[in-house]
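Please treat every number below as a calculation from the coordinates, not as lab data. Here the structure is a predicted model, which means the values were calculated and not measured. Cβ atoms come from the backbone with ideal geometry, glycine included; neighbour counts cover every protein chain shown.
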C-alpha cells in the first residue's frame with residue numbers, strides 16, 4: 001500500500017475535479033483495482049471518495065433539488081444496488097470492466113448524436129425515474145460507478161446545469177451512503193480501504209477547489225457535450241485498462 005499512496009492521491013484529485021466540474025468522476029475506478037487488495041475494496045474506496053466530494057458540493061446546490069423527482073430514483077437504486085453488491089463475489093472484475101467500457105462508449109455517442117431528439121423524449125416522469133434508478137443501482141453495485149445513467153437522464157430532464165448539479169450531487173450522497181452500508185455488511189470496508197481513503201482526502205481537497213473554478217467557466221450550451229465526451233473517454237480508458 002505505501003508505494004501506491006501518490007497514485008491514490010492523484011486519482012482522488014482527478015476524480016473529484018471531474019465530479020465537481022461535470023457532476024461525476026468515475027475514472028478513478030480505471031486504476032483502483034490495480035492498487036487495492038481486491039476489486040470489492042477498490043469499489044468501496046471509490047464510493048467513499050465520491051460520497052465525500054459530493055457532500056461538499058451538495059451543500060451549495062441543495063436549493064436546486066426537487067425531491068419528488070429524486071426519491072423514486074433513490075428507491076429503485078437501493079433495491080438493485082443491494083442485489084448487485086451481494087452478487088459481487090461471483091463476478092470477475094476484468095470482464096465487468098470491459099463490458100462497462102463498451103457500454104459507456106456506445107451510450108455517450110448515441111446521446112451526443114441524438115441529443116435534441118432525446119431531450120424531447122426524456123421527461124421527469126415516474127417511469128423514467130424508476131428505470132434510471134434501477135440501472136444506476138446495478139452499475140453502482142457491480143462497478144462503483146452509478147453516475148452515468150443518472151447523469152444522462154438528469155442532463156436531459158433538468159432545466160439548467162445548476163439544477164442538474166444539485167440533483168446529481170444529492171443523488172450521489174444518498175446512494176453512496178446506501179452502498180457503503182451494504183458494503184460494510186459484506187466486509188469490504190477494511191483497514192486498507194480506510195488508510196487509502198485518508199490519503200485520498202488530500203487529493204480530494206485540491207480537486208474540488210479546481211473543479212469549482214472550472215465549472216463556473218463552462219458555458220451552458222456546451223456543458224452537455226462536455227459531459228458526453230467525458231463519459232465516452234472514461235469508457236475507452238476502462239476498456240483499454242481492463
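In region 49-180, the C-alpha radius of gyration followed by the widest Cα-Cα span (Dmax) gives 14.5, 41 angstrom. Rounded to the nearest 10 degrees, the angle from helix 191-215 to the longest Cα principal axis of the chain is 30 degrees.
Can you give the relative contact order of region 2-240 as a percent, counting alpha carbon pairs under 8 Å and 6+ residues apart? Could you put the intermediate results ahead of the total?
Details: 369 pairs, mean separation 99.6, N = 239.
Result for region 2-240 is 42 percent.
What order do you get for 99-105, 47-53 when each peptide is scored by the mean count of other beta carbon atoms within 10 Å, highest first?
Values: 99-105: 18.9, 47-53: 25.0.
Put in order of decreasing packing, that is 47-53, 99-105.
Against the chain, whose longest principal axis comes from its Cα atoms, helix 5-22 is set at around 10 degrees. Length available on full extension from residue 181 to residue 214: 0.36 nm per residue minus the Cα-Cα distance, which gives 8.6 nm. Under the simplified labelling scheme, the residue 221-residue 59 pair shows an inter-label distance of 3.5 nm, with each label point 7 Å from Cα along Cα→Cβ. Taking Cα atoms only, the orientation of helix 93-113 departs from the longest principal axis of the chain by about 20 degrees.
Do the sum for the chain: with -39,500 (n - 2.57) for every DSSP H run of n ≥ 4, divided by all residues, what is the mean residue ellipticity at 222 nm, to the nearest 500 deg cm²/dmol?
Working: 11 runs with 193 residues, N = 242.
Result for the chain, helices only: -27000 deg cm²/dmol.
Using alpha carbons only, how many angstrom separate the centre of region 183-201 from the centre of region 104-118? Each part reduced to its Cα centre gives a spacing of 35 Å.
For a distance above 22 Å, tell me the whole-number percent of Cα pairs in the chain that qualify.
Numbers: 14179 of 29161 pairs.
Value for the chain (Cα pairs over 22 Å): 49 percent.
Just to be sure I understand the model, the point goes 7 Å from the Cα along the line to the Cβ. What's the resulting residue 195 to residue 115 distance in nm? In this crude label model, residue 195 to residue 115 measures out at 4.5 nm.
Past the 17 angstrom mark, what percentage of all C-alpha to C-alpha distances in region 135-218 do you count? List each step's numbers first, then the result.
Working: 2148 of 3486 pairs.
Cα-Cα pairs of region 135-218 separated by over 17 Å account for 62 percent.
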